[in-house]
Amino acid sequence: MTKVSPTHRKQSRVEQPASVALYDEWLVMMARDGDRQAAVRLYQRWNPRLARAARRYGMEDEAALDLAQECWLAIFKGLSRLRDPSRFRSYAFAVLHRRGSEYIRKSLRERSAMDCLATNTETKPETQSERAAITQAFASLTPDLRVAAHLHFVEGLTLREIAQVQQIPEGTAKSRIFNARRKLKDALGPST
């Protein structure tokens, strides 16, 4: 059995994201050219991330899955216009952002019509679980801050990518991340 040096292990971990990105690019190119298996594989790889991000728009699981499905229709429809396959990640999240923003606008109209009763019932009771505390802290953010924070902290998008996804200047994206970080830190308190 050959020993793998710590340096070699570290290098292979660094290279993996690049190979994963290249695989996604290849899937995008193949799907764009009509390969159904590549489209299915792209969907399988990215749908959980889109659904998870959709939950940041304040949706229940089923609604988030529905939004993700709706996004996939738009993603596959517009895939032929995506010139640079390496931009798929920001393209997919931009589609989600547009659809999620529509959902928020619709929800706000419905809440106004229902005298904001939903706002009082959506608050989750605090638990001792860190996951519940983080979920609650995210829920306390405004929708724009919540989405920016999710894209940055969970999905790992850069400020430039977040700006493109949310169709805002890079400085605004930076400000949203800063404000979200501060509010999350305040909401989580000194115990976390």
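Rule-based calculations on the coordinates, nothing more; no lab input. Values in this document were obtained by computation on a predicted structure and should not be read as measured data. Quick reminder, even Gly has a Cβ in these numbers, built from the backbone with ideal geometry, and neighbours come from all protein chains shown.
Phi angles across region 148-163 convert, under the Karplus curve 6.51 cos²θ - 1.76 cosθ + 1.60 with θ = phi - 60°, into 3J(HN,Hα) values of 4, 5, 4, 4, 7, 7, 9, 8, x, 6, 7, 4, 4, 5, 5, 4 Hz, Gly and Pro given as x.
Modelled label positions at Phe153 and Arg181, each set 7 Å beyond Cα in the direction of Cβ, lie 1.1 nm from each other.
Computed from phi, the 3J(HN,Hα) profile of region 44-57 under the Karplus parametrisation 6.51, -1.76, 1.60 (θ = phi - 60°) reads 4, 6, 9, 4, x, 5, 5, 5, 5, 5, 4, 5, 6, 7 Hz, with x in place of Gly and Pro. In order along region 23-36, the Karplus-derived 3J(HN,Hα) couplings, from 6.51 cos²θ - 1.76 cosθ + 1.60 at θ = phi - 60°, round to 5, 4, 4, 4, 4, 4, 4, 5, 5, 4, 8, x, 6, 5 Hz, and Gly and Pro are given as x. May I ask for the net charge around Ala38, where only other residues with Cβ less than 15 Å from the Cβ of Ala38 are counted and Lys, Arg are +1 while Asp, Glu are -1? Net charge around Ala38: 0. Place a point 7 Å from the Cα of Ile168 along the Cα-to-Cβ direction; which residues of region 31-54 have their backbone N under 18 Å from it? Once the point is set 7 Å along Cα→Cβ of Ile168, 53-54 turn out to lie under 18 Å by backbone N, inside region 31-54.
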